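These notes are about the structure you will find just below.
The values are calculated or read from the model by the stated rules, or taken from the named source; none is laboratory data. Because the structure is predicted, anything quoted here is derived from the model rather than measured. As a convention, Cβ positions derive from the backbone with ideal geometry for all residues, glycine included, and neighbour counts pool all protein chains shown.
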């Protein structure tokens, strides 16, 4: 059986070697960038233009097609436009990179690990319409969420392509063995988690609830916070995970947990788009009087800062 498998593999390799001399050959559907411009040196960009992947129920009988996304986020478009503006400023400068031009190819991550990996592979395998022409990406900017950035960094790492994130704070990304080419311009959550624990202790909130995003960002962040909180003498009544694609029934269960709990302080380590759904359910059921303590993932989220949610989401964070 093993010999047969080896012979089949050898035959496949022989056919592949004789197929032709094409340098770049794409299989499947070509992934097109949302923004692109050619240059002597090209930089990739991956941002979460949309905030929710539409679920696909594959039958494994037909091609399910491209994953669809919804909920356009204007803030992510601003990140992309900022990147484009910086590149254009460098290109227009007479003393920065003389005789060289920067280009860019920017993709949407949704944010979803499959979509972010697909965008990463599109950047790695990028090809022009001209035969035997491959465009090498010098580096990748992105992503905003830690979960999708993990997919990007793991894809780019073996090719030694630098990935520089402006917002991914998960402490797990600091592991140089797993993410050798990852860099970021923001501090790790490791410091934020310790600060949150000290903040809770400072105000005498020793009996709290905990809500997190069911993602690498939320799970890793909350685990570190719980460890730091225990060392500060803070007890946690409950700890639940939510995600934007969870069924409404689960959010109703979480609301019921909050309503039945005796703690009135909630530490939330979550993305804004995840917590927004829970806040809406709390608003529908008129659950008020809660003190929220949060991470940077949601405390600046525009919806949660609106006047409608002020009775629900009063609090602070980093």
Worksheet entry | Failed criterion for residue 249 (all others in (1) in contact with a helix residue (DSSP H, G or I) (Cβ under 9 Å, 6 or more places away or on another chain); (2) modelled with pLDDT of 95 or more hold) | (1)
Practice prompt. Give the residues of the range 221-234 that are part of a helix (DSSP H, G or I) and free of Cβ contacts under 8 Å to residues at least 60 places away in the same chain, sorted by residue number.
Written response: 222, 223, 224, 225, 226, 227, 228, 229, 230, 231
Fill in: Every residue from the range 21-40 that is touching a strand residue (DSSP E or B) at 6+ places or on another chain (Cβ under 6 Å), modelled with pLDDT of 70 or more and surrounded by 14 or more Cβ atoms within 10 Å (Cβ to Cβ)
33, 34, 35, 36, 37, 39
Worksheet item: For the range 262-276, how many residues are surrounded by fewer than 18 Cβ atoms within 10 Å (Cβ to Cβ) and under 24 Å from residue 220 (Cα atoms)?
Response: 1
Fill in: Matching entry among 168, 181 (being farther than 21 Å from residue 294 by Cα and in contact with a helix residue (DSSP H, G or I) (Cβ under 7 Å, 6 or more places away or on another chain))
181
Practice prompt. For residues that are assigned to a helix (DSSP H, G or I) and in contact with a strand residue (DSSP E or B) (Cβ under 8 Å, 6 or more places away or on another chain), scanning just the range 252-280, find the one that is modelled with the lowest pLDDT.
Written response: 273
Worksheet item: Between residues in the range 98-120 that are more than 24 Å from residue 214 (Cβ to Cβ) and residues that are crowded, with 23+ Cβ neighbours inside 10 Å and at pLDDT below 95, which pairs lie under 7 Å by C-beta distance while being six or more apart or on different chains?
Response: 105/123; 107/119
Worksheet item: Got at least one residue in the range 234-242 being at pLDDT below 95 and crowded, with 16+ Cβ neighbours inside 10 Å?
Response: no
